[in-house]
Amino acid sequence: MARITLANGKSFESQPDTSILENALQQGLTLEYSCKTGRCGVCRTTAPEGATRPLMPEEALTIDEIASGHILTCCRVAEENLTLAIEDLGELAGIQIKTLPCRIDSVQQVKDDVTIITLRLPPTTPLMFLPGQYVDIISQTGRRRSYSIANAPRADGKIELQIRHVPGGELSQYWFEKAKPNDLLRLEGPQGTFFLRQKKVSHLVFLATGTGIAPVKAILERISELSPTHPQQIHVYWGGRTEPDLYWQPPADIQGLRYVPVLSRGDGLWSGRKGYVQDAVIEDRIDLLDAQVYACGSESMIKSAKDLLTQQGLPESRFLSDAFVSSN
């Protein structure tokens with residue numbers, strides 16, 4: 001059995017045929033991750049000492065990254081004692097991933113291809129989570145899909161999901177055609193490492209496309225609760241194709257919050273910004289050297305935003321993302 005040591009000296013055992021990431025999670029240490037499928041690249045790191053072998057393809061890595069020794073912890077197994085050039089996330093200490101029953105509390109279709117589902121959990125077993133994290137919903141047939149929690153923790157313990165219709169998707173058919181209040185489901189969570197970090201920067205920049213606005217909404221709710229007069233400037237860029245895609249408005253009680261809706265296919269009646277959210281950030285000349293960026297949405301947006309913003313001066317460590325990996 002191999003032992004894996006992190007950059008801050010913490011270590012954990014590595015079971016054979018289990019990914020580095022899963023071994024860490026099972027032993028109470030949370031490393032950066034999102035999709036767990038090798039496609040988002042959030043768990044990217046290097047191993048200065050020791051050897052690993054792949055469990056599945058590391059799709060998010062470029063040829064240059066592979067050549068320079070980068071690995072994805074969700075895709076690799078330790079073959080011997082190993083050191084990793086990353087630390088665990090102490091903010092998640094004490095938050096346990098659980099499988100819980102839940103019932104649908106309400107169903108609200110806000111546009112043709114987006115519905116908002118509110119779930120209630122047993123009052124004796126509330127879900128502890130950080131705003132920005134996600135849960136896996138397990139259907140009555142055993143199908144599992146991941147959805148960001150669209151609210152900060154509430155006094156009543158309910159959680160909100162914003163769900164986009166996926167043509168041909170089994171769970172999409174359920175959400176949009178069959179789901180009704182009191183339906184019994186199961187969820188597993190919280191999961192993911194997309195949450196507000198305590199970085200001393202002047203600008204918080206949120207980029208979202210489609211239902212990627214869900215975890216951003218949750219984080220903003222927490223900011224509003226903790227400090228409506230937040231010292232940082234907050235920029236929220238939300239992208240859609242046409243105006244009906246913008247079904248949400250940010251809270252009005254956060255001082256210094258700047259909301260920029262961006263349409264890629266706005267018609268002649270749209271007087272707002274056009275194009276893509278990452279381009280709008282560059283156009284606004286935000287000081288990226290003193291910024292923290294949170295991006296959530298399509299894989300293509302996240303990859304493009306990271307490449308563009310880091311080229312323009314954003315430190316790579318200050319780009320946090322949660323890619324919505326498509327599945328049926």
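What to note about this one:
- Based on protein heavy atoms only, the chain ends up with 47 Å² per residue of surface accessible to a 1.4 Å probe.
- Sparsely packed loop sites in segment 69-118 (the GluC sites (Glu not before Pro) outside DSSP H, G, I, E and B with at most 13 other Cβ atoms within 10 Å) comprise E79, E80.
- Accessible-area order (highest first, 1.4 angstrom probe) of the listed residues D112, D290, D136: D112, D290, D136
- Taking only protein heavy atoms and a 1.4 Å probe, the accessible area of segment 249-328 is 47% carbon and sulfur.
- Put a dot 7 Å past the Cα of R258, heading toward its Cβ, do the same for E243, and the two dots end up 2.4 nm apart.
- Square roots of 5 times each gyration tensor eigenvalue, C-alpha, segment 204-312, largest first, Å: 21, 17, 13
- Given K158/K199; K36/K274; K36/K306, the pairs whose alpha carbons are separated by over 22 Å: K158/K199; K36/K274
- Taken over segment 87-175, the alpha-carbon convex hull comes to 122 cubic angstrom per residue.
- Protein heavy-atom surface of segment 138-192, 1.4 angstrom probe: 46% of the accessible area is carbon and sulfur, with nucleic acids and ligands not counted.
- Within the chain, the cysteines lacking any other cysteine Cβ closer than 4.7 Å to their own Cβ are C43, C74, C75, C102, C296.
- Heavy-atom accessible area ranking, 1.4 Å probe, most first, across R44, R164: R164, R44
- Most mobile of G297, G268, G94 in a GNM of the chain (Cα contacts under 10 Å): G268
- Rounded, prolate or oblate (a/c below 1.5 giving rounded, otherwise prolate when a/b exceeds b/c) for the chain by Cα gyration tensor: oblate
- Antiparallel beta bridges, as assigned by DSSP with both residues in the chain, represent about 55 percent of the total such bridges.
- Protection-proxy order for peptides 205-213, 61-69, 190-198, each taking the mean of Cβ atoms within 10 Å per residue, highest first: 205-213, 190-198, 61-69
The values are calculated or read from the model by the stated rules, or taken from the named source; none is laboratory data. Since we're looking at a predicted model, the values are computed, not measured. Reconstructed Cβ throughout: ideal geometry from the backbone, glycine too, with neighbour counts over all protein chains shown. Side chains included, ligands, DNA and RNA excluded: accessible areas come from the protein's heavy atoms. Shrake-Rupley method; radii C 1.70, N 1.55, O 1.52, S 1.80 Å.
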